[in-house]
Amino acid sequence: MKLQQLRYIREVKRHNLNVSATAQSLFTSQPGISKQIRLLEDELGVEIFARSGKHLTRVTPAGESIIDLAGQVLRLTDNIKGVAQEHSDERCGSMAIATTHTQARYALPPVITEFTHQYPDVALHMQQGTPRQIAQMVSEGQADFAIATESLELFTDLVLLPCYRWNRCVLVPRDHPLAHRDAPLTLEELAEHALVTYVFGFTGRSQLDDAFNAQGLVPNVVLTAADADVIKTYVRLGMGVGIVADMAVDETLDDDLVALKADHLFASSTTRIGIRRGTFMRGYMYDFLTRFAPHLTRDLVDAALTAGPRHEKSLFDSIRLPEY
């Protein structure tokens, strides 16, 4: 049994049993992967993949267990490499962040700028996706950190570290009827307008829907997007009233729009960082967490990583999270 074979079966499952796509991603040949998988199956005496002719059709029950264990073995080997790198050069290595557009565009730039200046020999990789996708990336070892507001709790193998709270604002063009009102906005008023906001599952969208539902109102959402800049574009075109994260508004770039406070309408949301249990934390990884959320000290992160699912949340009960 070889680590290469374990990596092949894991990646084949990751690529939906497409051996050709797996070979391209690993910069190797399709016949080579197929041969190594067969050799592993022969050695183990079980089929990992069911086949129809030359095509893989599904992962067998035995294969599911084997691939799960293979993932654990590969993560442990990565940890061994991490330990060696930490002792040979603690300021050299790599770090992969999986996050959503809002975090990548608005929350992370100053942190990334400081971090790369402090650690020029750390290769930083950023991947974007839906909250579920980025949580999956960390769960499967494709990224070190998942930074998002929604869906991370669906993955029980992730430790969730709360970073900060934030809320929303309502965006309208300067000539819009809502732009110059003195009284605070109401949900009833918003329900009368066409709305442009985030796709469900992105950037705290669930709190928005919950607020309308609690009042027996049905919001008239005419367009959704994962990208706040796209939402602002369609607000400018007059398609509707925008609801975006406060952090997504730039006073200079968005001076043609009016931002109306909405924190009295919607419950605040919490952005969190998800880390896979068992991850070996390099020194610069702790530093990144502290730069992003100063209360995430090394001791607190270590306590959360070792506390277990039932107790990790209680570690943050006494901490007042900053407001973005």
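The values are calculated or read from the model by the stated rules, or taken from the named source; none is laboratory data. Note that the structure is predicted; figures quoted are calculated from it, not measured. Note that each Cβ is placed from the backbone with ideal geometry, even for glycine, and that neighbours are counted across all protein chains shown. The accessibility values were calculated without ligands, DNA or RNA, using every heavy atom of the protein model including side chains. Shrake-Rupley method; radii C 1.70, N 1.55, O 1.52, S 1.80 Å.
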- Query: Points 7 angstrom from Cα along the Cβ direction at ALA303 and ASP157: gap in nanometres?
  - Reply: 2.7
- Note on the structure: Those GluC sites (Glu not before Pro) from the stretch 228-324 that are DSSP loop and have at most 12 other Cβ neighbours within 10 Å turn out to be GLU251
- GLU11 accessible area, assembled protein chains, probe 1.4 Å, Å²: 20
- Message: Could you tell me the relative contact order of the stretch 173-324? Use alpha-carbon pairs under 8 Å, at least six residues apart, and round to a whole percent.
- Response: 23
- Query: Based solely on its DSSP helices, what 222 nm [θ] is calculated for the chain when runs of n ≥ 4 H residues each add -39,500 (n - 2.57) and the sum is averaged over all residues, nearest 500 deg cm²/dmol?
  - Reply: -12000 deg cm²/dmol
- Item | Amide H partners (placed H, <5 Å) of VAL159, local residues excluded | ILE275, ARG276, ARG277
- Going through LYS13/LYS81; LYS13/LYS54; LYS2/LYS35; LYS261/LYS313; LYS13/LYS35 one by one, the pairs whose alpha carbons sit over 22 Å apart turn out to be LYS13/LYS81; LYS261/LYS313
- Task: Averaging sequence separations of C-alpha pairs under 8 Å and six or more residues apart, then dividing by the length of the chain, give the relative contact order as a whole percent.
- Result: 20
- Counting only DSSP loop positions in the stretch 29-124, the trypsin sites (Lys or Arg not before Pro) whose Cβ has at most 16 other Cβ atoms within 10 Å are LYS54, ARG91
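Write out the trypsin sites (Lys or Arg not before Pro) in the stretch 129-223 meeting two conditions: DSSP loop, and at most 13 other Cβ atoms within 10 Å of their Cβ.
Taking the stretch 129-223 and a limit of 13 other Cβ atoms within 10 Å, the loop trypsin sites (Lys or Arg not before Pro) found are ARG174, ARG181.
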- Query: In degrees, nearest 10, range 0 to 90: what is the angle between the Cα axis of helix 283-292 and the longest Cα principal axis of the chain?
  - Reply: 10
- Note on the structure: DSSP beta bridges in the chain: the antiparallel percent, rounded to 5, is 55
- Note on the structure: Diffing the stretch 145-161: the Karplus 3J(HN,Hα) column from phi (6.51, -1.76, 1.60, θ = phi - 60°), in whole Hz with x for Gly and Pro, holds 10, 10, 10, 6, 9, 10, 6, 4, 5, 6, 10, 6, 8, 9, 8, 10, 10
- Query: On full extension of the chain, what length is gained from GLN133 through LEU253, given 0.36 nm per residue of separation minus the C-alpha to C-alpha distance?
  - Reply: 40.2 nm
- Rounded to 10°, Cα long-axis angle of helix 109-118 versus longest principal axis of the chain: 50
- Item | Other-chain or far-sequence residues with amide H under 5 Å of GLY93's (modelled H) | VAL122, ALA123
- Task: Using a 1.4 Å probe over the heavy atoms of the protein chains, calculate the carbon and sulfur portion of the accessible area of the chain as a whole percent.
- Result: 51
- Message: I'd like the Karplus ³J(HN,Hα) series for the stretch 164-171: coefficients 6.51, -1.76, 1.60, θ = phi - 60°, whole numbers in Hz, and an x wherever there's a Gly or Pro.
- Response: 7, 9, 8, 9, 10, 9, 9, 10
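From the Cα gyration tensor of the stretch 1-77, with a ≥ b ≥ c the square roots of its eigenvalues, which class applies: rounded if a/c is under 1.5, or else prolate if a/b is larger than b/c, or else oblate?
rounded
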- Contact order normalised by residue count of the stretch 67-124, Cα under 8 Å, 6+ apart, percent: 42
- Item | Residue-by-residue Karplus 3J(HN,Hα) for the stretch 76-82, coefficients 6.51, -1.76, 1.60, Hz, glycine and proline x | 5, 5, 5, 5, 4, 4, x
- Item | Shape category assigned to the stretch 213-274 from the gyration tensor of Cα positions, a/c cut at 1.5 | oblate
- Specify the angular offset, from 0 to 90 degrees and rounded to the nearest 10, of the alpha carbon long axis of helix 3-14 from the longest principal axis of the alpha carbons in the chain. 40
- Query: Long-range amide H contacts for ALA148: which residues qualify at under 5 Å (H placed 1.01 Å from N, peptide plane, sequence gap of 5 or more or a different chain)?
  - Reply: ARG272, GLY274
- Note on the structure: Taking a crude spin-label model, label points 7 Å out from Cα along the C-beta direction, the GLU47 to SER314 distance in nm is 4.9
